[in-house]
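Chemist: So that we are looking at the same thing, I have put the structure below in structure tokens.
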Amino acid sequence: MKKSFKELPPADFLLYEKVTSFVTQYYTESRNINDHQKYVIEQKILYIIQAISLRYYKMPLFRDDFIAYREGPVIEKINKIQDKKNTIVKKPKNIIEEDLSYYQFIADQLLQIVIDGFTQELLPMNYKILSELTHTGEWEKKYNQRDQETDLKRKNTLGKMVDKELLNFYTSLEHKYPDFTNFAKESLGV
């Protein structure tokens, strides 16, 4: 991304409906999974997309933080949407239309790369494998700190995954799934 923006859009606005639609369609056509497994896969797709954005665009695509949960990094707001305790933002405030259009274009491009990675079997579309991929040493340290904390506000701060950790995750993807990361790089023309 060449532009610099004051405000990043939320992940639910940019991607969530498209991500959940893809996962639902993929498993309806191939095999059944339970809601929990579906939700884990949706969160991992968002994590992969944010990592790709950080790696190749040198900035996050959306403003939401990932927090270390038992199943790996999770966007809490998406977790609440999945549990039907929150709704998707229809249009974010304080972001000009041109910026939203630009981010939506990038989001759609990165989602398509991840979808193609799954459908071309460059990445495994398996919730256990995707969870294990995100269970890095950094995630484990944050999860354990968060798990031991009792103050909710401090708990979420301790569990926050930072950009460096997403980049380290992407580096591990490059080692474990080089066909996928090469495909992503070529698709983006970098």
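Chemist: Taking the criterion of being under 16 Å from the mean Cα position of the chain (by Cα), under 23 Å from residue 184 (Cβ atoms) and modelled with pLDDT of 90 or more, would at least one residue in region 1-13 satisfy it?
Modeler: Looking for residues that are under 16 Å from the mean Cα position of the chain (by Cα), under 23 Å from residue 184 (Cβ atoms) and modelled with pLDDT of 90 or more, one finds none in region 1-13, hence no.
Chemist: Separate question: Only residues that are among the basic types (Lys, Arg) and in contact with a Gly (Cβ under 9 Å, 6 or more places away or on another chain): list them for region 13-62, please.
Modeler: Within region 13-62, 44 is the sole residue that qualifies.
To keep it simple, each residue is scored yes or no on (1) closer than 20 Å to residue 178 by Cα; (2) at pLDDT 90 or above; (3) not in a helix (DSSP H, G or I).
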position	(1), (2), (3)
111	yes, yes, no
114	yes, yes, no
117	yes, yes, no
121	yes, yes, yes
124	yes, yes, yes
140	no, no, no
143	no, no, no
147	no, no, no
150	no, no, yes
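Chemist: Report whether or not residue 157 is open to solvent by 40 Å² or more (accessible area, probe 1.4 Å) and outside any helix (DSSP H, G or I).
Modeler: On the way: open to solvent by 40 Å² or more (accessible area, probe 1.4 Å): yes; outside any helix (DSSP H, G or I): no.
No.
Chemist: Identify, please: which residue in region 58-109 is open to solvent by 100 Å² or more (accessible area, probe 1.4 Å) and among the hydrophobic types (A, V, I, L, M, F, W, C) and is, among those, nearest to the chain's Cα centre (by Cα)?
Modeler: Per the stated criteria, the residue is 105.
Chemist: Taking region 9-56 as the search range and keeping residues that are of a type in the set (Gly, Ala, Ser) and open to solvent by less than 10 Å² (accessible area, probe 1.4 Å), which one is farthest from residue 92 (Cα to Cα)?
Modeler: For region 9-56, the residue satisfying everything is 51.
Chemist: Which residues, counting only those in region 130-146, are under 23 Å from residue 37 (Cα atoms) and either in contact with a Leu (Cβ under 9 Å, 6 or more places away or on another chain) or surrounded by 15 or more Cβ atoms within 10 Å (Cβ to Cβ) (or both)?
Modeler: Residues satisfying the conditions are 130, 131, 133, 134, 135, 136, 138, 139, 142, 143, 146.
The values are calculated or read from the model by the stated rules, or taken from the named source; none is laboratory data. Because the structure is a prediction, the values reported are computed rather than measured. Quick reminder, even Gly has a Cβ in these numbers, built from the backbone with ideal geometry, and neighbours come from all protein chains shown. Only protein heavy atoms, including side chains, enter the accessible area calculation; ligands, DNA and RNA are left aside. Shrake-Rupley method; radii C 1.70, N 1.55, O 1.52, S 1.80 Å.
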